[in-house]
Amino acid sequence: MKEYTMNELLKGCFVPIDKPRGPPSAQVGQWVREILGVQKNGHIGTLDPNVSGVLLIGINKAIRLSQYLSGQDKEYVGIMHLHREIDERKIREVVESFEGRISQKPPLRSAVAKRWRERTIREIEVLEIDGRDVLMRVECEAGTYIRKLMFDMGKKLRCGANMLELRRIRSGLVKEEHTFTLYELQAAVKRWKEDGDETQLRKMLIAPEEIIDLDEIIVKESALPSLAYGSPIYRRGLVIDSGERLPGRGESVLVYSEEGRFCGVAQVEDGPEMYAKLHVNWLEAKDFTKKWGDKKDLK
């Protein structure tokens, strides 16, 4: 994997922030943009104002890659408050019954369509029960409403329940121990700008290919100028090991050059000559001199 300069990272990267309770996710993203002095930002996986934890902020052109992260599994720790005393064994039994495939209708306050949809709860673990308060850990498919999940648990317990507190401890491959506060980010930027020390800031900027979980393909170095100008990826431009199985039609893949340069994300077409098209092109045309005459390595 290529080692990026600080300027290259700031052209497109993700910042893992430990979102505090209070501000909306969009506000946190705006603060990150202002601290870094960049033009664009976008957050992946909205957290309600009163929810804390892992919030990924996309910077500049990394925003175009958000779709490959927003669908990754999430993990939470939260407190469910029951509206009356319930036997502990019954609580555990009902909570664990929600593991697996469930149906949910988004809460009224959410911005999405209020229709039933299915989500998968990978794992639920009751960590502690203190009177009417139940501390639990939930690992789930993206798009699961934990507030609604707890409401439905209370309904099944026939006592009613509401969410007291929630913290996201993982978003895809990014765990809470990988996150930084806004104050830490601000201090790291100040140190970089005033002292030229980029050590701490570099730890806070994640190159997209480090956290996007897709299969990979490798293209020849000679194909890069053509790809930078929008050419598809042809089979002759691929570097393939003997016996290697290439991803099939419709799959998304990370694209690298022979020297480890990240080229973007492509969607596989799997044609007889053309193999894939770059859906998000990470290459910049101005970095290459187009050699239209040399077709043999580009196709």
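The values are calculated or read from the model by the stated rules, or taken from the named source; none is laboratory data. Just so it is clear, the structure is predicted and the values come from calculations on it, not from any experiment. Here the Cβ is made from the backbone with ideal geometry for all residues, glycine too, and neighbour counts use every protein chain on show.
Taking the condition assigned to a helix (DSSP H, G or I) and without any contact (Cβ under 8 Å) to a residue 24 or more places away in the chain, does Gln30 pass?
yes
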Practice problem: Answer yes or no as to whether Glu177 is part of a helix (DSSP H, G or I), within 24 Å of Leu283 (Cα to Cα) and within 16 Å of the chain's Cα centre (by Cα). | Solution: no
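Name the one entry in Ala142, Ala161 that is small (Gly, Ala, Ser), within 24 Å of Gln72 (Cβ to Cβ) and assigned by TED's automatic domain parsing to the domain that holds Arg92.
On the way: Ala161 fails: within 24 Å of Gln72 (Cβ to Cβ).
After applying the criteria, what remains is Ala142.
Anything in the stretch 244-272 that is under 20 Å from Glu210 (Cα atoms) and not in a loop (DSSP other than H, G, I, E, B)? List them, or say none. Explain how you work it out, then say what you get.
Narrowing the stretch 244-272 to residues under 20 Å from Glu210 (Cα atoms): 247, 251-267.
Ser252, Val253, Leu254, Val255, Tyr256, Ser257, Phe262, Cys263, Gly264, Val265, Ala266, Gln267, listed by residue number.
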Exercise. Please enumerate the residues belonging to the stretch 134-169 that are among the charged types (D, E, K, R), surrounded by fewer than 21 Cβ atoms within 10 Å (Cβ to Cβ) and farther than 21 Å from Trp116 by Cβ.
Key: Arg137, Glu139, Arg158, Glu165, Arg167
Quiz prompt | Filter result (hydrophobic (A, V, I, L, M, F, W, C) and part of a helix (DSSP H, G or I)) within the stretch 180-228 | solution = Leu182, Leu185, Ala187, Ala188, Val189, Trp192, Leu201, Met204, Ala223, Leu224, Leu227, Ala228
Quiz item: In this structure, is Ser110 at pLDDT 90 or above and either surrounded by fewer than 16 Cβ atoms within 10 Å (Cβ to Cβ) or not in a loop (DSSP other than H, G, I, E, B) (or both)?
Solution: no
